[in-house]
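Heads up: the structure comes next, in C-alpha cells.
The values are calculated or read from the model by the stated rules, or taken from the named source; none is laboratory data. This structure is a prediction, so every number in the text was calculated from the model and none was measured. Reconstructed Cβ throughout: ideal geometry from the backbone, glycine too, with neighbour counts over all protein chains shown.
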Amino acid sequence: MSEEKQSESKEAAKDDLPPVIEPGVYGELLEKKKFKVQHLGMDAMGVEMIEVAAESLLRVAEYLRDNKKCQFDLLVSVSGVDMVDYRLSVVHLYSLSSNESLCIKVRADEKEAVPSLMPIWPAVDWHERETYDLMGIIYEGHPDLRRILMPTDWIGHPLRKDYVENDPRLVWNRR
Amino acid sequence: MSDIQGITIERDIQSEDMVVNIGPQHPSTHGVLRLVTTLNGEVVKNMEPVVGYLHRSKEKMGENRTFFQYQPMIDRVEYLSAFYDHYVYCTALETLAGLDIPKRVQYIRMITMELNRISSHLLWFGTFLLDLGATSPFFYAFRDREKILKLFEDISGARMMYNYYRIGGLNADIPDGWIEDVRRVINELPKRFAEYEAIVNKNPIVMDRCIGIGIINTEDCLKYGVTGPALRACGVAQDLRKTNPYCSYDEVDFDVPTSTDGDVYARYQVRIQEMYESLRIVHQALDNLPGGEPADIRKLQAEYDAVATEIKEAKKRVIVAQKQETEPEPADVKKMEEEPPELDKDWRIQGKKKVNMVSFKPPVGECMSLVESPRGFLGCYLISDGSPKALRIKWRGASYSNLSILPSMMIGNLYPDLMAVFGSLDVILPEVDR
Amino acid sequence: MTVGLNVMNPYQLPDWFIQLHVWVSENIPGLSFIDIMDPWQQALMLFVWGVVLFVLISFGVAKPSVVFMVLMERKVLAWVTQRKGPNRVGPWGLLQTIADGVKLLFKEDVMTPGQDKLLFTLGPVIFFLPVFVLFALVPFTGAIAQDGEIVFGGLLGIGLPVGALLLFALSSISVIGMVLAGWASNNKYSLIGGMRSAAQAISYEIPLVLAVLAVVLYAGSMNLMDIVEAQRGPLGMFSWFGIFLMPLSFLIFLISSIAEVNRIPFDLPEAESELVSGYNTEYSGMKFAMFFLAEYAALFVMCALTVVFFFGGFMSPLAGATLGGIHWTSTLVGTPGLIAGLSLASALENMLGVASGSVAPWIIQLEMVSWMVLKIYFFIFFAMWIRGTLPRLKPDQLMGFSWKFLIPLSLLNIFMVSFWRMWLPPVKDLESMVANFTQNMPFGIVWALVLVVGIGGFCWFMSELQTRKLKARFTQS
Amino acid sequence: MSPVGNENRVLSGLVEIGRGLATVMSHFGREPVTLEYPEVMPDLSTRFHGRLCLLTKSDSTDLCIGCKACARVCPCDDLIQIEMHRDENKKPVIDRFTIDIGRCIFCGNCTEVCPVDCIKMLSDFELADYSREALVLDKFDLNLPGEASDQWRVEHGLEKTVK
C-alpha cells in the first residue's frame, strides 16, 4: 500500500501535476453543503483528512458536530505541525455514535493565527493552550490563551523547527 | 457540578476566602500537580490546575532521535502502562510502513497490554483508597501488582520501562514457562480482588464518601474530552477495543462494564469490573496463543530444519550425480522435489522480513493511532517525511483531557472530596505533562 | 495511724508522702523547720507532689507504654499487610522507637519567620501536659486490705471522688494545644487541621460524656475505683458493663474515644492525604515528638478508660463470680490459682526473709496490673486494627455522625440504662438478682420497649435518612 | 446498578465494617512478602536490564569489532564512546570503549543491534559509586572474562562459543 503511494507520488512529481485525491465520505458531504474543503485523502489508519480554510473553520466544525450523518462529538486532540514553510493546526475528531474518526487541518495565516474551536468543542481549551505554548499558533477567540506546559517566562515555542535551543536570553541558559 | 451538597454558607461572619496551593508537592496529587484552590471554609470556591512541572519535552525528543532511539523514551511518557504507549507508537509506524503483524505477536501484545491494564488499575486502586485514608488496600494492591510486574520483568527485562515491542514484532519471544507463570498469577488474582471488594465495596464510609460525589454526565465528558472509565461510568459503552477493534481484540470475548451513575463510586466499580474483564481476555489469549510455548516452537523449528537440511543434501547429491553423469538415487530425486516445511507465519515474533531498526525509514505519510489505555484514549499522531526521524510526534494522553474536568467537578464541593474525585479520575501526571 | 494523718491532711495527699515528709523533717537536721501543720507548706507539698507524680508517671508508665505502642502500631500494621515491620534496631526492632526518639531529639527545630514563636512553642506543651496528667487518674490496681486494714491503696495516682469528671475536663484541654499549633504555624494546612480538631473535639466530647454518664448512672459513683468495683458481679465477666449491661454505651464510647484521640477513621486534623500532616505540618524535632508522644499517650489513656468503664478494669474475668463453690475475688483467689500463688508467695517470702503473708498481696497486685495491661493492649490493638482497615470520614460526615446519630443514640441509651438499673439494680449474689428479675418486671418491659421501639426505630430512621441523602445527591446535580 | 439499596444502613454498615476487619485480620498470619534486600537478593530474571558488559571470546580477547552500532542507537547523547583502529592484518583493535553508566537508562537498545552479540546486560544492579567519574566504565571494567562470557552465553541460550 505504502509503496504504491510512494510510486504514485513519484509519478505525480514526474508529470508535474497534483495527485488526484478522491474525496472521502465526510469531505463529499461538506462539499455538497457548499463548504470550501480541500481533500487530503486517507491517512495510513484510514482516517479521512480534510483541509479547511481558517475563515470557514467554525462553520464546518459546527456542521460536523451537529449534522446527523457526522456527529463528531468527541474532540480527541489538537496538534500543531510545523511544515517549515507554514504551520498547521490539526484537529482529530471522534464520533461516539458512529465510531468514526476525522482529521481537520487548518493552515495558520501570516500572523500564525487560526480561529479557536472553543465555541464548538470546549474540550479544545487545554489542547489549544498547549499548541500555542509549544508551536506558537495563536487561537483567536480562545478566552484564556497562555502557556500551559512551559514556564510563563519562556522565550520561543519549542516545537517549531526554527526554535533556538539554549536561548541565551533565558536566565538559566546564561549560567 | 453539584451545589454545595446541602450545605448553605451564611456570610454573617466577616470572613475571607483562603487560597490554598495544593501541590506541586502534596501527598495526594500523584506527582507534581499544582491546584490553586480558593476555599471558603472547607468548600471549594474556585480551582485552577497548573500543570507542566513534569514537562520533559518528549515530543521534541521524538523529532531529533531516530525511531528506534526514541523507543525507550516512550516508556517514560506514561510509566504505569508503558505497553500501551509502545503499542500505539509501533502501530502508527507499522501502519505507515504497511507491515503485517504475525498473530503470535498480536496475542502476546494483547496479553501484556491487558496485564498492564490490571497492574495500572491495581495501582489506582491502592492510591485511591490511600487518598480516602485506608492504608491496607494500598499494600495489598501493590503486593499483587508486584506479581504482574515480575511477569513483565521476565518477559522484557524491566519492571516498568519495558521497551519490548518493536516495529513489526517483538524484542524477543516469551521466555520458557512464562505462560504457566501468567496462569498462576491470573488464577490467584480473582481471590485477591474478592478480598479488596470485601474491604471496600460496601464499606459505609467508602459509600458515603463516594456515592453521589463528583457526578458528571455524558455531556460533561464530551465537553471536556473525558474518555475511558470516567466516560463509561456515565453509561456510554465506549471502548475502542470493542468499537474500533485493534490488535486481535475482535477475536476475544469480553464485556465493557458500564455504570449509569457517573459518580466516584461508579468509576470505582467500572475499574474493578474492568480488571475482571482483563483477566478474561488474558485467559482466552493464553488459550489461543498461536504456537504456544516457545520451547515447542523451537523444537518444531529444529525438526523442520532437519528436514530442510535433508532435502538440501539430497539436492546436492543429485547435482553431484548429474555432474558425474551417473544415475541419481531415486529416493534422492523424490526427496528433492519435496517442499521444505515452513513454520506457520503466525507463530513468528517478527514480520516475515525483519525490520532493520537502525535504518528504519517509514514512507511519507501521517497516522493517528488510538488505543484504549487504562485511562482512556491514548493516541500517537505521527508525521513522517521519509527520513529516519519523525517530522512530528504528538502524544494524546487521556489524563490530559481527564484532568481538565477537575475544576468544574470540584467547585462547590468540599475540600476532602477533592481527594476522592481526583483519585477516581486516575490522572497520571507524566502523561499530562509529557 | 491513717485516721490521725487524715485530720491534718486537708489536701488528700497520699499517706506515704506525708510520712516521708514527716521523716525528712525529723531526721534531716537542716530541714527541721518544716512544719507539717502549716497550710502554706502543705500547699507547697501539693505542688511538689504534683511534680513528683507527673515525673513518675510520665517516665514510669506513660513513656515506656508509648514507646512500646509506637513499635506495636508499626508491627501490627506491617503484619496485617504482609510486611515485616521494623526489625533492624535491637532484637525484633524493639529499640526502633528509642532510636527514632533520639533522632528527633537531635533534629534541628525548624521555625519559619511567619510563625508566632510563643504560641508555636506553647502548642505542643498544652497538648502534651493534660494527657500525661490523665495517667494519674487511671486505676491500675485496686486497694488491698489485710485484716481490715488497707495495706496498699492501689496503683492509682489520684483517687478523686469526681475522677470521671476531672478526666473529661482534662482531656478537653489538649485540643487547645492543637488549635494553637494550627494557628501559630502560619500554614494553611495547619490552620484547617487546627480548626477541624476544635470542631471534632467539641462534637465528640458530648457522646463520650453521655456514654460515661450511663455508666456513672448505673455504678452510682464518679470515682473510677468505685466504677470498677461496681462491675464485680455474681456473673463474673458478664457483669461487666461493656459486655452485657450496656453494649450500646460501650460502642458509643469506643467510637467517640477513637474520634477523641484523632485516629483513623476520624483523623481529620492530620488527614495526610488532604492536609499533608494537618496541625503538626510545620513541627519538627522535639516539638513534633511531643505531639507524637501525646497522641499515643492519649490513645493509651482512652483504652485504659474503656477498660475501666466497661471491661472491669483490673479485675479478672472471674472476679465476683461463685464458681465451683468458691467465691472468686480474682483469678488467684480460687483453688488452683490460690495454691500456685500462695506457694509462689511463700517461696518468695522465704527467699527474701520477710514475714509470712507479706508478699501474697503483692502477687495479687501484680495479677491485677497484668489484667489491666492485657485489656488495655487488646483495645489498643483494636484501634490499630481499625486503622488498618477503615478509610477516613469527611468533616461534614464526622459532624453529622456525632450530632445526628451518636448524641440522640446516647440519650436513648441513658433512658435504657436507667430503666435497666431500676429493673436489675447491682447486687453481689445471684439469688437477689433472680428475685429482682421477676419483681421489677414493669421496668423490664419499659426497658425492652425503649430498646426495640426507640433504638430500632432510630436506626431505621437514620438508615432511611442516609439512603435519601445518598439518593438526593444524584437529583441535585 | 445504583449502589444505594434499601437495606438498613446502620446494620449493614456494622456488618460490612466487621467484614472488612475480618478480611484485614485474615492477613495477619500470612507469610510477609518483604524481601530484606542486602540479605536476600531479589530474584531477577535472566533478561534483567542491569549493568552493561562486553562479552569476550573464550580466550578473553576482545569480541567487539568497533562498528559503533550501539553508539548510534543509544538514546542518550555520547553515552557510549568508542575509538578503534585496524592493525596490519586489518583486524579491529579497540583503543577506547567507555560507557557513562550514570547516564544510562538501561533500555537495552545497544544489546539488540550488536552484530557480534558482544555488548550485553548483566543482572547486576548495584552500581552506586562515590563520584561521577567512577561511573564512566572503560573497557577494563566492561570486559567479562572468557569463562564468564561463555557462562553468560549458556545461560541466555547463545550456545555458540566464540573462538
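Just one of A:Leu149, A:Leu145 is in a loop (DSSP other than H, G, I, E, B) and either touching a Gly at 6+ places or on another chain (Cβ under 6 Å) or facing another protein chain (nearest Cβ under 8 Å) (or both); which is it?
Within the list A:Leu149, A:Leu145, the selection yields A:Leu149.
From the residues in segment A:84-102 that are touching a Leu at 6+ places or on another chain (Cβ under 8 Å) and in a loop (DSSP other than H, G, I, E, B), which one is farthest from the other protein chains (Cβ to nearest Cβ)?
A:Ser95
Six or more apart or on different chains, Cβ under 8 Å: which pairs go from a residue in segment B:163-176 that's in the same structural domain as B:Met73 (by TED's automatic domain parsing) to one that's basic (Lys, Arg) and part of a loop (DSSP other than H, G, I, E, B)? Could you list them?
Close Cβ pairs satisfying both conditions: B:Gly168/B:Lys354; B:Gly169/B:Arg348; B:Gly169/B:Lys354; B:Ala172/D:Arg47; B:Pro175/D:Arg47.
Of the conditions (1) in contact (Cβ under 8 Å) with a residue 12 or more places away in the chain; (2) surrounded by fewer than 16 Cβ atoms within 10 Å (Cβ to Cβ), A:Asp66 satisfies every one except a single condition; which number is it?
Just one mismatch for A:Asp66, condition (1).
Counting only residues that are out of contact with any Ser or Thr (no Cβ under 7 Å at 6 or more places or on another chain), hydrophobic (A, V, I, L, M, F, W, C) and over 16 Å from C:Pro269 (Cα atoms), which one in segment B:121-133 is nearest to the other protein chains (Cβ to nearest Cβ)?
B:Leu129
Can you find a residue in segment C:257-275 that is surrounded by fewer than 21 Cβ atoms within 10 Å (Cβ to Cβ), at pLDDT 85 or above and aliphatic (A, V, I, L, M)?
no
Can you tell me which condition A:Met118 does not meet? The list is (1) among the hydrophobic types (A, V, I, L, M, F, W, C); (2) within 17 Å of A:Glu55 (Cβ to Cβ); (3) surrounded by 19 or more Cβ atoms within 10 Å (Cβ to Cβ); (4) free of Cβ contacts under 8 Å to residues at least 40 places away in the same chain, and all the others hold.
(3)
Only one residue in D:Thr34, D:Thr46, D:Thr61 is of a type in the set (Ser, Thr, Tyr), at pLDDT 85 or above and farther than 26 Å from C:Val76 by Cβ. Which one?
D:Thr46
Select from segment B:358-370 the residues that are assigned to a loop (DSSP other than H, G, I, E, B) and facing chain A (nearest Cβ under 10 Å) and write down the one among them that is nearest to the chain's Cα centre (by Cα).
It comes out as B:Pro362.
Answer yes if at least one residue in segment C:443-452 is surrounded by fewer than 19 Cβ atoms within 10 Å (Cβ to Cβ) and in contact (Cβ under 8 Å) with a residue 60 or more places away in the chain, and no otherwise.
Checking segment C:443-452: not a single residue is surrounded by fewer than 19 Cβ atoms within 10 Å (Cβ to Cβ) and in contact (Cβ under 8 Å) with a residue 60 or more places away in the chain.
Would you list the helices (runs of 4 or more DSSP H) that sit entirely within segment C:163-232 and hold 2 or more residues that are of a type in the set (Val, Ile, Thr) and either farther than 21 Å from C:Leu248 by Cα or modelled with pLDDT of 85 or more (or both)?
Helices (runs of 4 or more DSSP H) meeting the threshold: C:174-184, C:188-219.
Within segment C:305-318, identify whether any single residue is buried (at least 23 other Cβ atoms within 10 Å of the Cβ), closer than 22 Å to C:Ile176 by Cα and at pLDDT 85 or above, and answer yes or no.
yes
Which condition number does D:Lys91 fail, the rest of (1) over 20 Å from D:Ser149 (Cα atoms); (2) at pLDDT 85 or above being met?
Of everything listed in (1) over 20 Å from D:Ser149 (Cα atoms); (2) at pLDDT 85 or above, D:Lys91 misses just condition (2).
What is the residue count in segment D:73-110 for residues that are touching a residue at least 24 places away in the same chain (Cβ under 8 Å) and within 14 Å of another protein chain (Cβ to nearest Cβ)?
The qualifying residues number 14.
One residue is enough: does segment B:371-382 have a residue meeting the conditions at the interface with another protein chain (Cβ under 8 Å from one of its Cβ atoms), hydrophobic (A, V, I, L, M, F, W, C) and within 16 Å of the chain's Cα centre (by Cα)?
yes
Would you say C:Phe241 is of a type outside the set (Ser, Thr, Tyr), under 13 Å from C:Val215 (Cβ atoms), modelled with pLDDT of 85 or more and buried (at least 20 other Cβ atoms within 10 Å of the Cβ)?
No: the conditions fail for C:Phe241.
Do we have any residue at all in segment B:332-340 that's assigned to a loop (DSSP other than H, G, I, E, B) and β-branched (Val, Ile, Thr)?
No, because not a single residue in segment B:332-340 is assigned to a loop (DSSP other than H, G, I, E, B) and β-branched (Val, Ile, Thr).
Against the definition (surrounded by fewer than 19 Cβ atoms within 10 Å (Cβ to Cβ), not in a helix (DSSP H, G or I) and not aliphatic (A, V, I, L, M)), how does B:Asp176 come out, yes or no?
Here the answer is yes, as B:Asp176 does meet what is asked.
Quick one: B:Gly212 ticks every box in (1) surrounded by 17 or more Cβ atoms within 10 Å (Cβ to Cβ); (2) within 30 Å of D:Phe28 (Cα to Cα); (3) in contact (Cβ under 8 Å) with a residue 40 or more places away in the chain bar one, so which box is it?
B:Gly212 satisfies all of (1) surrounded by 17 or more Cβ atoms within 10 Å (Cβ to Cβ); (2) within 30 Å of D:Phe28 (Cα to Cα); (3) in contact (Cβ under 8 Å) with a residue 40 or more places away in the chain except (2).
Residues being under 14 Å from A:Val106 (Cβ atoms) and at the interface with chain B (Cβ under 8 Å from one of its Cβ atoms): count how many of those fall in segment A:128-142.
The qualifying residues number 0.
Would you mind stating whether C:Trp92 is in a helix (DSSP H, G or I) and over 25 Å from D:Leu35 (Cα atoms)?
no
Of everything in segment D:2-31 that's acidic (Asp, Glu) and closer than 28 Å to C:Leu248 by Cβ, which residue is modelled with the highest pLDDT?
Taking the candidates together, the pick is D:Glu16.
For C:Lys103, work out the one condition from (1) closer than 30 Å to D:Pro32 by Cα; (2) surrounded by fewer than 18 Cβ atoms within 10 Å (Cβ to Cβ); (3) in contact with a helix residue (DSSP H, G or I) (Cβ under 6 Å, 6 or more places away or on another chain) it doesn't fulfil.
It fails just one condition, (3).
For segment A:66-102, enumerate the residues that are touching a helix residue (DSSP H, G or I) at 6+ places or on another chain (Cβ under 6 Å) and on the phi > 0 side of the Ramachandran plot.
Answer for segment A:66-102, where residues must be touching a helix residue (DSSP H, G or I) at 6+ places or on another chain (Cβ under 6 Å) and on the phi > 0 side of the Ramachandran plot: just A:Asn99.
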